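Structure first, commentary second.
The values are calculated or read from the model by the stated rules, or taken from the named source; none is laboratory data. Source: prediction; values computed, not measured. With ideal geometry, Cβ positions are generated from the backbone for all residues, glycine too; neighbour counts draw on all protein chains shown.
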Amino acid sequence: MHKIAALSFLLGVTVTLLTVFVLLEFGSDSGARTGAPAKTSSSGNPSHTGSQNAPIFVKAVQGASGDGNEALKRSVIKALAEDGVTLVQSPEPCAFIVTADVAITRLEEVDHVDIKWFIHSATDFLVGEVKQQNNMKRGALNRTWGNHALHAARGARDGIMEIVNSTTPACT
């Protein structure tokens with residue numbers, strides 16, 4: 001299994017590209033995290049430039065508590081833009097479409113957060129997904145996600161771009 005480390009939110013990240021499985025490791029700790037990014041060392045540096053230069057449309061995030069849906073969508077757009085990715089405001093030919101589902105499971109003392117980012121072709125074919133998960137202090141994301149959303153989005157960006165960079169757009 002190929003391993004890549006990068007700074008992220010507080011969630012472990014798994015990228016699934018067709019049948020290729022890549023695990024992005026960010027360090028570990030026991031118990032709930034407080035929201036600070038995990039310290040890591042990098043054994044790889046995924047490209048964010050989009051070798052096909054295909055645009056990306058961030059469609060929707062659903063299932064998050066508080067302002068999480070909008071905060072995560074806004075944050076992944078920002079994270080992708082920081083790396084010069086071409087973003088579009090609506091679906092168009094050749095664009096990849098990104099969506100996300102969030103599930104929060106309330107445990108005894110923590111909230112278990114799962115975020116799944118889905119990358120589809122312009123023809124709605126699922127080309128890959130990025131999975132993030134972590135335990136957060138219970139109730140930390142009930143109202144506002146704040147910087148947690150941006151850290152999560154930046155952590156997911158590597159996986160999203162790995163999938164986009166290794167996939168030929170549907171229109172070519």
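Among the conditions (1) in a helix (DSSP H, G or I); (2) more than 18 Å from the chain's Cα centre (by Cα), the only one that M161 does not satisfy is (2). Out of I77, I115, I104, one residue alone is under 24 Å from A170 (Cα atoms) and either in contact (Cβ under 8 Å) with a residue 40 or more places away in the chain or among the β-branched types (V, I, T) (or both). It is I77.
With respect to the conditions (1) more than 15 Å from K59 (Cα to Cα); (2) touching a Cys at 6+ places or on another chain (Cβ under 9 Å), P93 falls short on a single one, namely (1). Checked against the criterion of being under 25 Å from S121 (Cα atoms) and modelled with pLDDT under 95, segment 23-35 has at least one qualifying residue.
For segment 67-96, residues that are aliphatic (A, V, I, L, M), under 16 Å from the mean Cα position of the chain (by Cα) and surrounded by 21 or more Cβ atoms within 10 Å (Cβ to Cβ) total 6. Against the numbered list (1) over 19 Å from P169 (Cβ atoms); (2) outside any helix (DSSP H, G or I); (3) in contact with a strand residue (DSSP E or B) (Cβ under 6 Å, 6 or more places away or on another chain), R143 comes up short only at (3). Of the residues making up segment 104-140, those that are assigned to a strand (DSSP E or B), basic (K, R) and farther than 16 Å from N69 by Cβ are R106, K131, K137. A residue that is touching a helix residue (DSSP H, G or I) at 6+ places or on another chain (Cβ under 7 Å) and part of a strand (DSSP E or B) cannot be found anywhere in segment 66-77.
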